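Here is the structure we will look at, set down as structure tokens.
The values are calculated or read from the model by the stated rules, or taken from the named source; none is laboratory data. Here the structure is a predicted model, which means the values were calculated and not measured. Ideal geometry is used to build each Cβ from the backbone, glycine not excepted, and the neighbour counts take in all protein chains shown.
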Amino acid sequence: MAKHNKQRSLGTYTARQVGDSLIITVPATAGVTAGTRFELTVNENGDLTYHRVKSNPWTDGTYANIDFDELRKTYGTVDDTPVGKERLDKY
């Protein structure tokens, strides 16, 4: 069964000039928190659509405090497995 996104109107808003940019307010009732990233697209008739950008832990700082070099030293990597050099002495 297909999942359908339900849309609801949050009102109408007027673009306003702030410096060299235009700003459209996002109301608190939208449930968006400060710092949430969106991609803006415009179609051929000029309609704007904002889509929430999925976070990327490699670029958004989620993994900034992880010392991957230390983890590699402690646990090794999948690349540490000898390829084509089976260890028959283990059997």
Report task. Starting from residues that are at pLDDT below 90 and part of a loop (DSSP other than H, G, I, E, B), keep the ones in region 64-84 and report whichever is nearest to Thr14 (Cα to Cα). Result -> Ala64
Query raised in the report: Tell me, which residue of region 42-62 that is at pLDDT 90 or above and out of contact with any strand residue (DSSP E or B) (no Cβ under 8 Å at 6 or more places or on another chain) is surrounded by the most Cβ atoms within 10 Å (Cβ to Cβ)?
Result: Asp47
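Is it true that Thr12 is within 22 Å of the chain's Cα centre (by Cα) and not small (Gly, Ala, Ser)? Talk me through it step by step, then tell me what you get.
Values: within 22 Å of the chain's Cα centre (by Cα): no; not small (Gly, Ala, Ser): yes.
Taking the combined requirement at face value, the residue does not satisfy it.
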